[in-house]
Amino acid sequence: MQDTVLGLSVCNTDGATTFDDAMHVFLDHLISVIQKARDSAPFRIVCLPTAQKDEQFALYLTKHLDDCSSTLAHSPVSYVQELSHCSAFIGMRMHSLILASRVNNLPYIALPYTQKVRDLFCDCPDVLVEQDALNAEHICALIQSDSSTPLLQHADTEDQTHWLKEHLQR
């Protein structure tokens, strides 16, 4: 059986770089949701921050979750390589989500913290889940999906390229 790995990229919920009370509340909620999801389906977590300022949040998760590691990729190519080892992905930052959308058959969820992320995925409503609405069922469905029965719509590479070009030019 293949090892199930959930890639995770989080940032401060208000876009700031500080570890404030709201961020503690969000991360504690995320930890609780992950622990509940693991009761149904075991999986490892790899935190993939897209910026050094987000490493502190990844480290918090690694301290509070079993079988959780963190990797800081130093280029978009290495980030995509890390994503290719994941079974599923949950991200907040726009660039992490754009790169996740480029990995074939990688189901992902966007937790939008800014309007630009909502705007980028406005044509993909199945991908967007508000931070306070994320629950264990979302994670279980995400990690249990596969290319034959996708939870989220996976366009072919040509469609993805067209979609990305169109949305990035806005």
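The values are calculated or read from the model by the stated rules, or taken from the named source; none is laboratory data. All values derive from a computational prediction rather than experimental measurement. Here Cβ is always computed from backbone atoms with ideal geometry, including for glycine, and neighbour counts include all displayed protein chains. SASA here: full protein model, heavy atoms, side chains in, ligands and nucleic acids out. Shrake-Rupley method; radii C 1.70, N 1.55, O 1.52, S 1.80 Å.
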Out of (1) crowded, with 18+ Cβ neighbours inside 10 Å; (2) modelled with pLDDT of 90 or more; (3) not acidic (Asp, Glu), the odd one out for residue 80 is which? (1)
Pull out all pairs, ordered by first then second residue, where Cβ-Cβ is under 9 Å, the residues are six or more apart or on different chains, the first lies in segment 59-81 and is within 13 Å of residue 28 (Cα to Cα), and the second is of a type in the set (Lys, Arg). 65/38
Quick one: would you say residue 156 is at pLDDT below 90 and either open to solvent by 40 Å² or more (accessible area, probe 1.4 Å) or under 15 Å from residue 48 (Cα atoms) (or both)? yes
Scanning segment 14-35 for residues that are open to solvent by 50 Å² or more (accessible area, probe 1.4 Å) and either within 17 Å of residue 111 (Cβ to Cβ) or of a type in the set (D, E, K, R) (or both) gives 14, 21, 22, 24, 25, 28, 29, 32
Where in segment 25-136 are there helices (runs of 4 or more DSSP H), lying fully within it, with 3 or more residues that are small (Gly, Ala, Ser)? 94-101
So the check is Cβ under 8 Å with 6+ separation or different chains; which pairs have a first residue in segment 131-148 that's closer than 11 Å to residue 36 by Cα and aliphatic (A, V, I, L, M) and a second one that's modelled with pLDDT of 80 or more and open to solvent by 50 Å² or more (accessible area, probe 1.4 Å)? 136/36; 136/39; 136/40
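Please go through segment 36-70 and pick out each residue that is open to solvent by less than 30 Å² (accessible area, probe 1.4 Å), under 17 Å from the mean Cα position of the chain (by Cα) and not β-branched (Val, Ile, Thr). Steps first, answer last, please.
Step one: list which residues in segment 36-70 are open to solvent by less than 30 Å² (accessible area, probe 1.4 Å), which gives 37, 41, 43, 45-49, 51, 54, 57-58, 61, 65, 68.
Next cut, under 17 Å from the mean Cα position of the chain (by Cα) only: 37, 43, 45-49, 51, 54, 57-58, 61, 65, 68.
The answer is 37, 43, 47, 48, 49, 51, 54, 57, 58, 61, 65, 68.
Checking the structure you have, find out if any residue of segment 63-85 is of a type in the set (Lys, Arg) and more than 24 Å from residue 120 (Cα to Cα).
The initial filter retains those residues of segment 63-85 that are of a type in the set (Lys, Arg), namely 63.
Remaining after also requiring more than 24 Å from residue 120 (Cα to Cα): 63.
Yes, segment 63-85 has at least one match.
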